[in-house]
1. Out of the stretch 193-218, which residues are within 16 Å of ligand 2 (Cβ to nearest atom) and either outside the structural domain of residue 233 (by TED's automatic domain parsing) or assigned to a helix (DSSP H, G or I) (or both)?
2. Got a sec? Which of 160, 210, 216 is more than 13 Å from the chain's Cα centre (by Cα) and crowded, with 18+ Cβ neighbours inside 10 Å?
3. Could you tell me whether residue 46 is closer than 21 Å to residue 213 by Cα and either more than 16 Å from ligand 1 (Cβ to nearest atom) or in contact with a strand residue (DSSP E or B) (Cβ under 8 Å, 6 or more places away or on another chain) (or both)?
4. Does the stretch 131-146 contain any residue that is farther than 29 Å from residue 196 by Cα, surrounded by 15 or more Cβ atoms within 10 Å (Cβ to Cβ) and in contact with a strand residue (DSSP E or B) (Cβ under 6 Å, 6 or more places away or on another chain)?
5. Which residues, counting only those in the stretch 1-21, are within 17 Å of the chain's Cα centre (by Cα) and buried (at least 19 other Cβ atoms within 10 Å of the Cβ)?
6. Would it be correct to say that residue 67 is on the phi > 0 side of the Ramachandran plot and away from ligand 1 (no atom under 16 Å from the Cβ)?
7. What number of residues in the stretch 73-94 are within 13 Å of ligand 2 (Cβ to nearest atom) and crowded, with 20+ Cβ neighbours inside 10 Å?
Ligand SMILES: Nc1ncnc2c1ncn2[C@@H]1O[C@H](COP(=O)(O)OP(=O)(O)OP(=O)(O)O)[C@@H](O)[C@H]1O
Ligand SMILES: [Mg+2]
């Protein structure tokens with residue numbers, strides 16, 4: 001199996017080196033899998049995701065997406081990625097439709113493809129009635145769903161979502177999980193962070209656990225459960241990240 005994402009010896013500090021958010025991270029995600037990235041608050045998940053997507057610069061280490069170095073060839077690497085951030089800051093004055101067209105233009109999606117995909121996803125997420133309204137009138141969940149659609153229009157090889165289920169109603173959450181599974185069917189990869197361990201347990205092929213900027217586990221659920229027989233993911237997670245709150 002080919003590698004979709006390769007993170008090698010990446011470190012990131014904030015506040016002039018005072019805060020070590022990511023500490024010598026090494027991680028590999030294969031093509032076609034759903035990878036769950038979990039860890040306590042402040043562990044370094046969003047920082048890692050922002051480095052993968054080319055939003056946050058980093059000095060130490062390398063990140064390759066589809067074999068393309070994000071620092072050396074940022075545009076090529078970014079064209080493989082669809083990104084759903086944890087904040088929902090979108091262009092409030094645009095209508096939903098204008099936003100989706102903007103995203104489709106950015107990623108060179110043909111008129112034919114964008115119409116088909118917009119129709120399908122807007123219907124799926126119950127947004128058809130709102131698509132001509134300005135985004136500022138949307139609820140938190142509606143914005144989240146619009147961003148999800150915008151990130152999928154170019155059928156990204158690597159779909160990255162940071163805490164994607166926060167704020168979604170059960171129906172939308174269900175549809176999003178289905179979409180994540182569907183997206184990997186033809187070899188695409190999904191990388192998402194989450195706190196909802198039940199969701200992670202049901203969705204993922206592989207898992208990475210980060211704590212205080214360090215990767216403390218990488219592998220599948222079977223391997224994780226071998227660490228602590230007969231325990232749920234929640235129990236194993238709490239065990240191996242404990243000592244974090246001292
Ligand atoms: N812009 C910033 N300036 C200074 N420190 C930051 C900044 N962003 C994050 N940090 C710090 O870096 C560390 C990792 O933060 P990060 O947001 O990556 O964690 P996270 O795993 O996404 O947490 P959460 O589950 O709460 O979203 C934390 O100690 C945080 O306080
Ligand atoms: Mg975060």
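1. 197, 199, 200
2. On the way: 160 fails: more than 13 Å from the chain's Cα centre (by Cα); 216 fails: crowded, with 18+ Cβ neighbours inside 10 Å.
Residue meeting the stated conditions: 210.
3. Values: closer than 21 Å to residue 213 by Cα: yes; either more than 16 Å from ligand 1 (Cβ to nearest atom) or in contact with a strand residue (DSSP E or B) (Cβ under 8 Å, 6 or more places away or on another chain) (or both): yes.
Yes, satisfied.
4. First, pick out the residues of the stretch 131-146 that are farther than 29 Å from residue 196 by Cα: 131-134.
Next, from what is left, pick out any that are surrounded by 15 or more Cβ atoms within 10 Å (Cβ to Cβ): 131, 134.
Those left that are additionally in contact with a strand residue (DSSP E or B) (Cβ under 6 Å, 6 or more places away or on another chain): 134.
Within the stretch 131-146, one or more residues are farther than 29 Å from residue 196 by Cα, surrounded by 15 or more Cβ atoms within 10 Å (Cβ to Cβ) and in contact with a strand residue (DSSP E or B) (Cβ under 6 Å, 6 or more places away or on another chain).
5. 4, 5, 7
6. Numbers: on the phi > 0 side of the Ramachandran plot: yes; away from ligand 1 (no atom under 16 Å from the Cβ): yes.
Considered against the rule, which asks whether it is on the phi > 0 side of the Ramachandran plot and away from ligand 1 (no atom under 16 Å from the Cβ), residue 67 comes out as yes.
7. Restricting attention to the stretch 73-94, the residues satisfying the condition of being within 13 Å of ligand 2 (Cβ to nearest atom) are 84-87.
Subset that is crowded, with 20+ Cβ neighbours inside 10 Å: 84-85.
Count: 2.
Residues checked against (1) more than 16 Å from ligand 2 (Cβ to nearest atom); (2) crowded, with 19+ Cβ neighbours inside 10 Å; (3) closer than 29 Å to residue 128 by Cβ:
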residue	(1), (2), (3)
25	no, yes, no
30	yes, no, no
42	no, no, no
47	no, yes, no
52	no, yes, no
61	yes, no, no
68	yes, no, no
71	yes, no, no
106	yes, no, yes
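The values are calculated or read from the model by the stated rules, or taken from the named source; none is laboratory data. Remember, it's a predicted structure, so these values are computed and weren't measured experimentally. We place every Cβ from the backbone using ideal geometry, glycine too, and count neighbours over all the protein chains shown.
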